[in-house]
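Asker: Dropping a structure here in structure tokens format, bear with me for questions.
The values are calculated or read from the model by the stated rules, or taken from the named source; none is laboratory data. This structure is a prediction, so every number in the text was calculated from the model and none was measured. Note: ideal-geometry Cβ built from the backbone for every residue, glycine included; neighbour counts use all protein chains shown. Heads up: the accessible areas ignore ligands, DNA and RNA and are worked out on the full protein's heavy atoms, side chains in. Shrake-Rupley method; radii C 1.70, N 1.55, O 1.52, S 1.80 Å.
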Amino acid sequence: CEVLTLALGSLATVSDEFVLDISHMGILSSVLDGASDSLAFKEKMIKLLSGKNRHEAEHLCREYLVSEEKKKDILSLFDICGDYKSSLEKLSPICERAVAVGAYNELSDIGNLLAECEYFDRVRIDFSVVNDMNYYSGIVFKGFIVGVYEGILSGGEYGKLMRKMGREYNALGFALYLDLLDMKDEGAARSDVDVLILYDEKSDTGALIKKRNELISEGKSVSVQRCIPERLRYREMIKI
């Protein structure tokens, strides 16, 4: 919590508009281990999670003969993205089935402590935040600010790396990518679109079209996507 609070303070220093997305590699590892023994499956699924590509994830589950129950749990991770409390409620039954209660309790405890932080409303749980499972072992997180199309802050627990180096220690840290901050002031002029609208299979199509037309009528350029395209520069993102 001390490191996460420092990460939030760092983001607040560089921008008034920021979010910190958190996930847990322990939960992800338990869910994927229960679905398949294939390392290739896990590596492919992690990439799909990172890109929020739920459609291809369904195909991958069928390819590797993942059971319906396990497939449902995996696909549920794609839908968990939002405020801390509601995300924990959605995550609880998945962690119980995946025997990841310890990791879930850690996420819950972190939320209870961070609730005292002035920036807690900027903290979200999002399992598209994933990192190398051979390197990271627990909490992982990524920070975003308006005007920069990728995370400017990234970190997590890397106890596995320490143990590979013969050190029985846990470790936690993050990096703030200063070179990406150069994009901040230029973001408005260099944006590909004014607004990126994200949707999924549960989205209300009517509401999606209505919002798109409203924004266009205001003179804004709009891109409607299922997941964030690589290197797309946008000023604002809306999820429907």
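Asker: Suppose each label sits 7 Å from its Cα in the direction of the beta carbon; what would the Glu236-Glu218 distance come out to in nanometres?
Answerer: Here the answer is 0.3 nm between the modelled labels.
Asker: Moving to a separate point now. What FRET efficiency, computed as 1/(1 + (r/R0)^6) with R0 = 35 Å and r the Cβ-Cβ distance, is obtained for Glu69 and Cys117, rounded to the nearest 0.05?
Answerer: Working: r = 37 Å, r/R0 = 1.04.
For Glu69 and Cys117, the calculated efficiency is 0.45.
Asker: Mind putting a number on the dipole of the chain about its Cα centre? Charges go on the C-beta only, +1 for Lys and Arg and -1 for Asp and Glu, and I need it in Debye to the nearest 20.
Answerer: On the way: 31 positive and 40 negative charges, 119 e Å.
Roughly 580 debye for the chain.
Asker: Would you grab the residues whose amide H sits under 5 Å from the one on Asp126? Only those 5+ places off in sequence or on another chain, please, with H modelled 1.01 Å from N.
Answerer: For Asp126, the qualifying residues are Ile22, Ser23.
Asker: Continuing with the same structure: Can you give the accessible area per residue of region 1-99, in Å², using a 1.4 Å probe? Mind showing how you got there, number by number?
Answerer: Numbers: 4700 Å² over 99 residues.
Solvent-accessible surface per residue comes out at 47 Å².
Asker: Normalised by the empirical 2.2 N^0.38 Å for globular proteins, what value does the Cα Rg of region 105-240 take? Show your work: numbers first, answer last.
Answerer: Values: Rg = 18.4 Å, N = 136, 2.2 N^0.38 = 14.2 Å.
It is 1.29.
Asker: Rank Ala103, Ala207, Ala175 by mean-square fluctuation in a GNM of the chain with C-alpha springs under 10 angstrom and give only the top-ranked residue.
Answerer: Comparing Ala103, Ala207, Ala175 in the GNM, the peak value goes to Ala207.
Asker: Now a separate question. Pop a pseudo-label 7 angstrom from the Cα along the beta-carbon direction at both Arg62 and Tyr169 and give the gap in nm to one decimal.
Answerer: 4.9 nm
Asker: Same structure again: Work the Kirkwood hydrodynamic radius out for region 1-142: mean of 1/r over every pair of different alpha-carbon atoms, inverted, in Å. Display every interim value, and only then the final one.
Answerer: Details: mean 1/r = 0.0645 Å⁻¹.
Averaging 1/r across every pair of different Cα atoms and inverting gives 15.5 Å.
Asker: How large is the helix-only mean residue ellipticity at 222 nm for the chain, computed as the sum of -39500 (n - 2.57) over DSSP H runs with n ≥ 4, divided by its residue count, in deg cm²/dmol to the nearest 500?
Answerer: Numbers: 10 runs with 114 residues, N = 240.
Taken over the chain, the calculation gives -14500 deg cm²/dmol.
Asker: Where the accessible area of the chain is counted over protein heavy atoms with a 1.4 Å probe, how much of it, in %, is carbon and sulfur?
Answerer: Details: 6110 of 12680 Å².
Heavy-atom surface of the chain belonging to carbon and sulfur, 1.4 Å probe: 48 percent.
Asker: Still on this structure: Quick check: with the 1.4 Å probe, what order do Tyr199, Tyr84 take by accessible area, largest first? Let's see the in-between values first.
Answerer: On the way: Tyr199 70, Tyr84 10 Å².
The residues order as Tyr199, Tyr84, largest area first.
Asker: Right, next: Pairs of alpha-carbon atoms within less than 8 angstrom and 6+ residues apart define the contacts here; what relative contact order does region 44-166 have, in percent?
Answerer: 22 percent
Asker: While we're looking at this one, here's another question. At 0.36 nm per residue, and after removing the present C-alpha to C-alpha distance, how many nm does the segment from Glu96 to Leu6 gain when stretched out fully? Could you put the intermediate results ahead of the total?
Answerer: On the way: separation 90, 0.36 × 90 = 32.40 nm, distance 3.09 nm.
Full extension of this stretch gives 29.3 nm more.
Asker: List the GluC sites (Glu not before Pro) within region 131-240 that fall in a DSSP loop (any state other than H, G, I, E or B) and whose Cβ has at most 16 other Cβ atoms within 10 Å.
Answerer: Numbers: sites: Glu150, Glu157, Glu168, Glu186, Glu201, Glu214, Glu218, Glu230, Glu236; in loops: Glu150, Glu168, Glu201, Glu218, Glu230.
Counting only loop positions with at most 16 other Cβ atoms within 10 Å, the GluC sites (Glu not before Pro) in region 131-240 are Glu150, Glu168, Glu201, Glu218, Glu230.
Asker: Give me the accessible area per residue for region 119-240, probe 1.4 Å, as a whole number in Å².
Answerer: On the way: 6910 Å² over 122 residues.
Value returned for region 119-240: 57 Å² of accessible area per residue.
Asker: What length, rounded to one decimal in nm, is gained on full extension from Tyr135 through to Asp109, with 0.36 nm per residue of separation minus their alpha-carbon distance?
Answerer: Numbers: separation 26, 0.36 × 26 = 9.36 nm, distance 2.32 nm.
Stretched out fully, the Tyr135 to Asp109 stretch lengthens by 7.0 nm.
Asker: With point charges of +1 on the Cβ of Lys and Arg and -1 on the Cβ of Asp and Glu, referenced to the Cα centre of region 108-240, which listed residue (Leu153, Gly166, Val140) lies farthest in the positive direction of the dipole?
Answerer: Working it through, the farthest residue towards the positive pole turns out to be Gly166.
Asker: Over all distinct Cα pairs, what is the inverse of the mean 1/r for region 88-166, reported as the Kirkwood hydrodynamic radius in Å? Write down the numbers at each step before the final one.
Answerer: On the way: mean 1/r = 0.0695 Å⁻¹.
By the Kirkwood definition, the hydrodynamic radius is 14.4 Å.
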